[in-house]
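Enquirer: Can you keep this structure in mind? I'll have questions shortly.
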Amino acid sequence: MNGQSRRKGIEQSREQEMEVASGERPTDRQPDRWRDADDLRWAARHWAARMGVRTPAIHIRQMTTKWGSLSRVVAHASGGGQARSTTAVSPYAGRLTLNSELLALPRELGEFVIVHELVHLLAPNHGRVFKSFLHAYLPDWQAREARLRQIAGRT
Ligand SMILES: [Zn+2]
């Protein structure tokens, strides 16, 4: 007598949906291209660590006029006269937004945008201090900037 046990396969494979910019992927993978949005995000975190700045929250989305932007989250010290406790400190240094079009461009251009924006955590404007930081982290930043402009077809 064989008791037959019926087994039901109840394994459900959940497919993780990832936030990936929907674009055409090149069939042949090029080593100098970003694999996906996470790859770009990871690079931004990597650069933040390397530069010794706090990692900003990273967002990747379509931007019409810029390659990237950085908004610094500033704690409100004023505004009602009521002093708040300082416990609500953001874990992020700010918010870094990267244009998803960078995903289709060579890595070195995305890196340039990342470094440019992160340097703004050290120097808010594009003055002498800003440029010396860029020189330190990306000695060839001017060539990258020029190439990015060329590709974009805008100044
Ligand atoms: Zn800038």
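Enquirer: Can you go through Met18, Met63 and tell me which one is modelled with pLDDT of 90 or more and hydrophobic (A, V, I, L, M, F, W, C)?
Expert: Only one candidate passes the filter, namely Met63.
Enquirer: Go through (1) touching a Lys or Arg at 6+ places or on another chain (Cβ under 6 Å); (2) at pLDDT below 90 one by one and return the number of the condition Arg29 breaks.
Expert: Here Arg29 meets the rest and fails (1).
Enquirer: Let me ask you something else. For the range 66-77, how many residues meet the condition of being modelled with pLDDT under 90 and either surrounded by fewer than 10 Cβ atoms within 10 Å (Cβ to Cβ) or of a type in the set (Lys, Arg) (or both)?
Expert: Qualifying residue count, the range 66-77: 5.
Enquirer: Is there any pair linking a residue in the range 113-125 that is near the ligand (Cβ under 9 Å from one of its atoms) to one that is hydroxyl-bearing (Ser, Thr, Tyr), with Cβ under 8 Å and at least six apart or on different chains, and which?
Expert: Glu117/Ser69; Val119/Tyr137
Enquirer: Could you figure out which of (1) under 22 Å from Arg54 (Cβ atoms); (2) within 12 Å of the ligand (Cβ to nearest atom); (3) not polar (S, T, N, Q) isn't true of Tyr137?
Expert: The one condition Tyr137 does not meet is (2).
Enquirer: Another one. Whether any residue in the range 79-96 is modelled with pLDDT of 95 or more and surrounded by 13 or more Cβ atoms within 10 Å (Cβ to Cβ) is what I want to check.
Expert: So far as the range 79-96 goes, yes, one or more of its residues are modelled with pLDDT of 95 or more and surrounded by 13 or more Cβ atoms within 10 Å (Cβ to Cβ).
Enquirer: Filter the range 96-144 for residues that are of a type in the set (Asp, Glu) and more than 22 Å from His59 (Cβ to Cβ) and give the result.
Expert: Answer for the range 96-144, where residues must be of a type in the set (Asp, Glu) and more than 22 Å from His59 (Cβ to Cβ): just Asp140.
The values are calculated or read from the model by the stated rules, or taken from the named source; none is laboratory data. Being a predicted model, the structure only gives us computed values, none of them experimental. Every residue, glycine among them, receives a Cβ derived from its backbone with ideal geometry; neighbour counts consider all protein chains shown.
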